[in-house]
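First comes the structure, then the notes that go with it.
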Amino acid sequence: MKKKRKSIESRSSNKSTQSPLKKLKGICLINLEDLKEHEEIRPDYLEELKNEILCDGILKMPIAVDKETYIILDGHHRLHALKRIGCKRIPVILFDYQSPEIEVIPHREGETVTKEMVIRTALDGKRMAPKTSKHMIRVEGELKHISILETVINIPLEELK
């Protein structure tokens, strides 16, 4: 069954001022509990990121998610930081993980990670060690980290609660 997602540009608001979310194309709001993780997080970095987000009062970047399975490709720490802050939704950019343009490589030399491993781990409700996978995308023939397409959004936390 396909999960419901709201397109940010079509979201309605009762506020008198236009939400910054309405201006962003290609980014959807998804409920945090609908996302599937495949990696553990580093508690020290999570606390640092949570404090930064709280101090700024905004989420600067969306996360990268597979459009079919809702598996997180990049953004596990942002997800957990928002959970700790009490948010219910998160802005995401949806990718076709099966596209040959997207590759996964290990963060550490000598390790092996594949798309199939990522999918199986997430769907089984298990987790790999933190920073096991690095998701890459081919842009103009060059392999870049997928975060290159995670545009700055600066969304106020109140929009995500």
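Each value in this text was obtained by applying a stated rule to the coordinates, not by laboratory testing. Because the structure is a prediction, the values reported are computed rather than measured. Here the Cβ positions follow ideal geometry from the backbone for every residue, glycine too, while neighbour counts run over all protein chains shown.
So how do 45-54, 66-75 stack up, highest first, on mean other-Cβ count within 10 Å?
66-75, 45-54
From the P(r) of the stretch 81-161, could you give the percentage of C-alpha pairs in the tail past 14 Å?
Tail of the P(r) past 14 Å holds 72 percent of the pairs.
Arg127: net charge of surrounding residues, Cβ under 9 Å, Lys/Arg +1, Asp/Glu -1, itself excluded?
Local charge sum for Arg127: -2.
Determine, for Ser133, Ser99, Ser147, the number of other Cβ atoms within 10 Å of each Cβ, and report the residues in order from fewest to most.
Ascending number of Cβ neighbours within 10 Å: Ser99, Ser147, Ser133.
Taking 8 Å as the Cα distance limit and 6 or more residues as the minimum spacing, I'd like the relative contact order of the stretch 47-140 as a percentage.
In percent, rounded to a whole number, it is 26.
Any idea what diffusion coefficient the stretch 34-147 gets from Stokes-Einstein, in µm²/s, Kirkwood Rh on alpha carbon pairs, 37 °C, 0.692 mPa s?
224 µm²/s
Using 0.36 nm per residue, how much length does the chain from Cys55 to Asp34 gain when fully extended, once their Cα-Cα distance is taken away?
4.9 nm
First select every other residue whose beta carbon is under 9 angstrom from the beta carbon of Ile63; then total the charges, Lys and Arg +1, Asp and Glu -1.
Net of charged neighbours comes to -1.
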